[in-house]
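Quick notes on the structure that follows.
The values are calculated or read from the model by the stated rules, or taken from the named source; none is laboratory data. Since we're looking at a predicted model, the values are computed, not measured. Heads up, the Cβs are rebuilt from the backbone with ideal geometry, glycines too, and the neighbour counts pull from every protein chain shown.
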Amino acid sequence: MTDSFKTHRAELLQSLDGFRVEVDAANQRADLILDRPPFNIVRMNQRPQIAAVIDELDHDDRVRVIVIRSEGKHFSSGGDIPGFLAASQETVSQLHKYIAAPERCSKPVIAAVRGYCFGVGFELSLACDFRICSDTAEFALPEMRIGMIPGSGGSARLEKMIGVSRAKNVSLRSLRIPGKQAEAWGIAAECVPDADLETAVANLVKELCQFSPLAQRTLKNVLNHSVNSPLEQAMEIEGQAYGRLRGGKDFAEGVASFVEKRRPKFTGE
């Protein structure tokens with residue numbers, strides 16, 4: 001935990017439930033680590049805490065990239081099932097807002113997945129910008145097995161990612177998607193041997209930190225707002241963002257470094 005966590009949400013963040021946070025300022029990286037092994041079940045009050053922590057890290061100047069990972073052999077087997085019956089209908093109908101925190105975050109968010117990635121664990125990973133998984137990973141939305149449906153954006157995001165036919169086949173039958181299949185379908189950016197997962201994630205973090213943070217934030221915002229827009233509107237969103245970046249210092253530095261054949265030194269301005 002860092003000083004930046006001492007905010008108006010201090011009470012919410014005072015005792016993190018089922019996860020911890022590690023900040024590696026030297027590598028401009030923060031890790032949100034699911035820490036309730038062996039299955040890293042996500043409890044109800046854990047969800048707003050996760051959202052609040054991600055928002056805090058979004059405003060931490062030492063952090064360029066956020067990684068969501070887990071302790072043990074499994075990312076998460078899903079939510080605390082009895083907890084849904086104890087929560088009100090209003091509470092459960094709003095859960096998707098907490099799980100969307102990685103998507104709202106202006107910085108790149110990576111999910112590092114091994115083993116079970118079920119239910120809300122899968123939904124949390126789908127809200128991230130990148131999913132790097134090991135060959136032990138299995139993704140699933142198993143809610144149909146208990147007479148329920150995904151409630152934190154799982155079916156909606158999956159349908160947009162892999163198409164309605166595949167999404168129906170997976171979710172209506174509660175099928176498991178192996179890591180290699182997830183890579184082939186575009187759910188995972190990369191599937192690697194389990195022993196190589198940490199290295200693959202570290203390499204992606206290093207790569208992302210080389211780019212202009214301003215351009216990076218802008219492009220993520222453009223893509224998020226364009227995904228549900230008609231083509232003409234999406235191009236307008238992109239064009240307006242392009243124009244705003246034109247006067248930035250990072251773009252001037254990028255052009256200068258290209259002409260001078262050197263590595264750019266971006267400042268995020």
* Structure fact -> Contact list, first residue from segment 242-256 and of a type in the set (A, V, I, L, M, F, W, C), second anywhere and loosely packed, with under 13 Cβ neighbours inside 10 Å, beta-carbon distance below 9 Å, six or more apart or interchain, is Ala256/Arg262
* What about Lys97, is it within 15 Å of the chain's Cα centre (by Cα) and part of a loop (DSSP other than H, G, I, E, B)? -> no
* When residues of segment 150-176 are limited to those that are free of Cβ contacts under 8 Å to residues at least 24 places away in the same chain and more than 21 Å from the chain's Cα centre (by Cα), the one surrounded by the fewest Cβ atoms within 10 Å (Cβ to Cβ) -> Ser165
* Asked: Just checking, how many residues over segment 201-217 are touching a residue at least 60 places away in the same chain (Cβ under 8 Å), polar (S, T, N, Q) and not in a helix (DSSP H, G or I)?
  -> 0
* To do: Mind counting the residues in segment 99-125 that are free of Cβ contacts under 8 Å to residues at least 60 places away in the same chain and either closer than 27 Å to Phe211 by Cβ or surrounded by fewer than 21 Cβ atoms within 10 Å (Cβ to Cβ) (or both)?
  => 9
* Asked: Do you know which residues across segment 13-51 are over 16 Å from the mean Cα position of the chain (by Cα) and of a type in the set (Gly, Ala, Ser)?
  -> Ser15, Gly18, Ala25, Ala26
* To do: Identify the single condition in (1) touching a helix residue (DSSP H, G or I) at 6+ places or on another chain (Cβ under 7 Å); (2) among the β-branched types (Val, Ile, Thr); (3) farther than 22 Å from Arg217 by Cβ that Val53 does not satisfy, given that it satisfies every other one.
  => (3)
* In segment 54-83, residue surrounded by the fewest Cβ atoms within 10 Å (Cβ to Cβ) [restricted to those that are part of a strand (DSSP E or B) and not small (Gly, Ala, Ser)] -> Arg69
* Within the group Gly268, Gly247, which residue is on the phi > 0 side of the Ramachandran plot and out of contact with any Asp or Glu (no Cβ under 6 Å at 6 or more places or on another chain)? -> Gly268
* Structure fact -> Ala189 fails exactly one of (1) of a type in the set (Gly, Ala, Ser); (2) surrounded by fewer than 18 Cβ atoms within 10 Å (Cβ to Cβ); (3) over 16 Å from the mean Cα position of the chain (by Cα), namely (3)
* Given (1) among the charged types (D, E, K, R); (2) modelled with pLDDT under 95; (3) surrounded by fewer than 13 Cβ atoms within 10 Å (Cβ to Cβ), where does Glu207 come up short, assuming only one miss? -> (2)
* Is it the case that some residue within segment 169-186 is in a loop (DSSP other than H, G, I, E, B) and β-branched (Val, Ile, Thr)? -> no
* Could you pull out the residue among Ser171, Ser165 that is of a type in the set (Gly, Ala, Ser) and within 21 Å of Ser77 (Cβ to Cβ)? => Ser171
